[in-house]
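Enquirer: Below: one structure in structure tokens.
Each reported figure results from applying straightforward, stated rules to the coordinates on display, with no laboratory input. Computed from a predicted model, the values in this text were never measured in an experiment. A quick note on method: Cβ atoms are made from the backbone with ideal geometry, for glycine too, and the neighbour counts reach across all protein chains shown.
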Amino acid sequence: MVDTDAKRAAGRGLAGGIAAWILGYLVVYLLHGSSIQNSFGSDVLEVFTGEPVAWKLVGWLFYNAHNVAVQISLFGQRSVNLVAGAEEAALTALFALPPVLLVLAGAVAAWNTAADPTTAARNGAAVALGYLPLSLAGAVLFAIGSGDGASAGPALVTAVLLAGLVYPLVFGAVGGLAGGHLSAD
């Protein structure tokens with residue numbers, strides 16, 4: 001049977017992972033949503049798909065910040081990372097967003113739960129419980145397709161493995177190491 005502290009840490013990890021993912025997407029949307037919505041590329045994609053796409057393009061940037069490329073299938077297959085290829089500091093700074101949020105979420109998940117580093121890191125890594133399902137769902141929801149077979153969106157396997165598992169496990173554990181030793185006293 002799982003002890004109460006482990007259940008509490010798992011619950012905090014789940015909530016922290018969900019909060020970190022949603023907050024990360026919202027920060028990217030607030031910083032870049034307006035410029036994406038007013039871009040020529042967004043207008044062209046809306047014409048081809050017949051639906052608003054700015055929120056999906058913001059999702060692409062969010063995944064790019066996790067080093068997940070966007071796969072574009074139009075006249076061949078191509079992968080791009082708009083954040084990695086950017087010369088604009090505001091875009092490249094997005095690389096820091098997921099790690100910072102996941103370290104904070106891991107610290108909260110492991111807050112005052114364990115003096116033992118292994119347990120604290122495990123409690124912090126529990127943020128993957130909330131981050132993984134949203135990473136999978138987001139990769140599917142942010143995909144864009146047209147009736148003629150053209151498609152684009154975050155690379156699904158990389159989105160699940162890198163954004164959904166590696167990032168939250170590693171950065172959540174780092175946050176857990178710090179949070180496990182902090183107390184509310």
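Enquirer: Can you confirm whether ALA90 is of a type in the set (Gly, Ala, Ser) and within 22 Å of VAL160 (Cα to Cα)? Talk me through it step by step, then tell me what you get.
Expert: On the way: of a type in the set (Gly, Ala, Ser): yes; within 22 Å of VAL160 (Cα to Cα): no.
Taking the combined requirement at face value, the residue does not satisfy it.
Enquirer: Would you confirm whether or not the stretch 93-104 contains a residue that is farther than 16 Å from LEU23 by Cα and touching a residue at least 12 places away in the same chain (Cβ under 8 Å)?
Expert: If we filter the stretch 93-104 for residues that are farther than 16 Å from LEU23 by Cα, which is where we start, we get none.
Checking the stretch 93-104: not a single residue is farther than 16 Å from LEU23 by Cα and touching a residue at least 12 places away in the same chain (Cβ under 8 Å).
Enquirer: Could you tell me whether SER135 is within 28 Å of ALA150 (Cα to Cα), hydroxyl-bearing (Ser, Thr, Tyr) and assigned to a helix (DSSP H, G or I)?
Expert: Details: within 28 Å of ALA150 (Cα to Cα): yes; hydroxyl-bearing (Ser, Thr, Tyr): yes; assigned to a helix (DSSP H, G or I): yes.
Judged against the criteria, SER135 is a match.
Enquirer: Separate question: Might you let me know whether the stretch 154-162 holds any residue that is out of contact with any helix residue (DSSP H, G or I) (no Cβ under 6 Å at 6 or more places or on another chain), free of Cβ contacts under 8 Å to residues at least 12 places away in the same chain, surrounded by fewer than 24 Cβ atoms within 10 Å (Cβ to Cβ) and of a type in the set (A, V, I, L, M, F, W, C)? Steps first, answer last, please.
Expert: Going residue by residue through the stretch 154-162, those that are out of contact with any helix residue (DSSP H, G or I) (no Cβ under 6 Å at 6 or more places or on another chain) are 155, 157-158, 161-162.
Those left that are additionally free of Cβ contacts under 8 Å to residues at least 12 places away in the same chain: 157, 161.
Okay, now just the ones that are also surrounded by fewer than 24 Cβ atoms within 10 Å (Cβ to Cβ), so 157, 161.
Checking the rest, the ones that are also of a type in the set (A, V, I, L, M, F, W, C) come to 157, 161.
Checked against the condition, which is being out of contact with any helix residue (DSSP H, G or I) (no Cβ under 6 Å at 6 or more places or on another chain), free of Cβ contacts under 8 Å to residues at least 12 places away in the same chain, surrounded by fewer than 24 Cβ atoms within 10 Å (Cβ to Cβ) and of a type in the set (A, V, I, L, M, F, W, C), the stretch 154-162 yields at least one hit.
Enquirer: If you scan the stretch 142-154, which residues turn out to be more than 13 Å from the chain's Cα centre (by Cα) and not in a strand (DSSP E or B)?
Expert: Step one: filter the stretch 142-154 for residues more than 13 Å from the chain's Cα centre (by Cα), giving 143-153.
Result: ALA143, SER146, GLY147, ASP148, GLY149, ALA150.
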